[in-house]
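Quick notes on the structure that follows.
The values are calculated or read from the model by the stated rules, or taken from the named source; none is laboratory data. In this text, all values refer to a predicted model and were calculated from it rather than measured experimentally. When we count neighbours, we look across all protein chains shown, and the Cβ atoms used for this are built from the backbone with ideal geometry, even at glycine. Heads up: the accessible areas ignore ligands, DNA and RNA and are worked out on the full protein's heavy atoms, side chains in. Shrake-Rupley method; radii C 1.70, N 1.55, O 1.52, S 1.80 Å.
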Amino acid sequence: MRIAVTGSTGLVGESVVSYFRSAGCQVTRFVRPGKGMSLAVDGDVIAWDPVSKKMDASLLEGYDAVIHLAGANIAQQRWTLSYKKLILSSRVEGTQFLSEVISNLENPPRVLLSASAIGYYGYITPPTCVDESSNMGIGFLAEVCEQWEKASQSAQREGIRVVRTRFGVVLSRKGGALAKMLPVFRLGLGGKLGSGRQMISWIALEEIPRIMEHLIHKEDISGPVNVVTPNPVSNEGFTKVLAGCLNRKAILPVPSFMIRWLLGEMGQALLLDGAAVLPKRLMESGYVFRFPDLESALGE
Ligand SMILES: NC(=O)c1ccc[n+]([C@@H]2O[C@H](COP(=O)([O-])OP(=O)(O)OC[C@H]3O[C@@H](n4cnc5c(N)ncnc54)[C@H](OP(=O)(O)O)[C@@H]3O)[C@@H](O)[C@H]2O)c1
């Protein structure tokens, strides 16, 4: 199988590339300018510039699947107006460009797996749960996700199967939210954030390539798919399990006002808001989770 991956140097991208290569697939990375590669192409990379919308489209002929993960990191810095613009434009413009390119191929991929996020649902008050049939929520991330998802419509119109993978919080010791928390918890300085009632819908990094493989082979699936486990937890529950796995106490709560003061809108959206999101479509399609509960995921 031939697979091309954008955003391949990111947390999810690295894991996807290494999984599919180990499975014997031919995996090609999309490489942006200024990332240590020239615009010259060797066997395993395709140069693209999603900002100036340049790439040699012919190099994408004949792939089985394109996995599109690229976008400016949402937790890298405070959400200034200009960074919010980058979060949005790097997703919407890159997705539009990629979709148009593959729509015009003679041999387009059979499937485009295009990243989105459970931020689509906005803040959901517990104990309400949402699934793929639920409406879009309110807030910056919901708006980003909506536009990000619409940006792949041109590929869909051309008859390409488009799956919009709405990722939950990706858990890995290598990066992302968990890697930032671990040093604090190891020092015994962890604690719930705000009320601790906000829900965390999560997925183990190691689970993601397996889910992608499942989605590539399930030819009847298209549209949004929540990439989360069936067991969302409250922030307080998460804190207890993580502290327990590390044999530490987590008794130092961080008040909401401090998070808002330190991190602004980003802190509110990423740490204090949350939603219990269920993977209805994955479960209906017969996917069996390898890391269904937090203990199994954190134990990895
Ligand atoms: N990690 C999570 O918890 C989580 C949760 C929900 C949704 N997601 C979404 O899933 C996707 C993959 O997540 P991730 O954790 O792997 O993200 P990541 O580590 O931030 O990687 C994203 C990749 O996108 C590319 N990129 C960075 N800035 C860019 C820009 N300005 N314009 C275009 N491309 C840019 C880079 O790859 P190259 O340099 O190789 O191009 C980068 O490695 C992202 O779109 C993310 O928003 C992630």
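Points to keep in mind about this one:
- Subset of the range 64-78 [surrounded by fewer than 22 Cβ atoms within 10 Å (Cβ to Cβ) and more than 10 Å from the ligand (Cβ to nearest atom)]: 64, 77, 78
- Counting the residues of the range 138-152 that are farther than 14 Å from residue 167 by Cα and either small (Gly, Ala, Ser) or under 14 Å from the mean Cα position of the chain (by Cα) (or both) gives 3.
- Per the conditions (1) under 26 Å from residue 124 (Cα atoms); (2) in contact (Cβ under 8 Å) with a residue 12 or more places away in the chain; (3) open to solvent by 10 Å² or more (accessible area, probe 1.4 Å); (4) among the charged types (D, E, K, R), the sole criterion not satisfied by residue 206 is (1).
- Cross-chain or 6+ apart pairs with Cβ under 8 Å, the range 89-100 first and closer than 18 Å to residue 158 by Cα and more than 8 Å from the ligand (Cβ to nearest atom), then in a helix (DSSP H, G or I) and at pLDDT below 95: none
- Filter result for the condition that a residue is under 17 Å from the mean Cα position of the chain (by Cα) and small (Gly, Ala, Ser), over 195, 201, 234: 201
- Matching residues in the range 106-118 - criterion: being open to solvent by less than 20 Å² (accessible area, probe 1.4 Å) and in contact (Cβ under 8 Å) with a residue 60 or more places away in the chain: 109, 111, 113, 115, 116
- Residue 38 meets the stated requirement of being modelled with pLDDT under 95, open to solvent by 70 Å² or more (accessible area, probe 1.4 Å) and of a type outside the set (Lys, Arg).
- Condition met for residue 154 (open to solvent by 10 Å² or more (accessible area, probe 1.4 Å), away from the ligand (no atom under 16 Å from the Cβ) and in a loop (DSSP other than H, G, I, E, B)): no
- Scanning the range 182-203 for residues that are crowded, with 19+ Cβ neighbours inside 10 Å, farther than 15 Å from residue 291 by Cβ and among the aliphatic types (A, V, I, L, M) yields 193, 199.
- Filtered residue count, the range 109-149, keeping only those that are more than 30 Å from residue 60 (Cα to Cα) and of a type in the set (Ser, Thr, Tyr): 6
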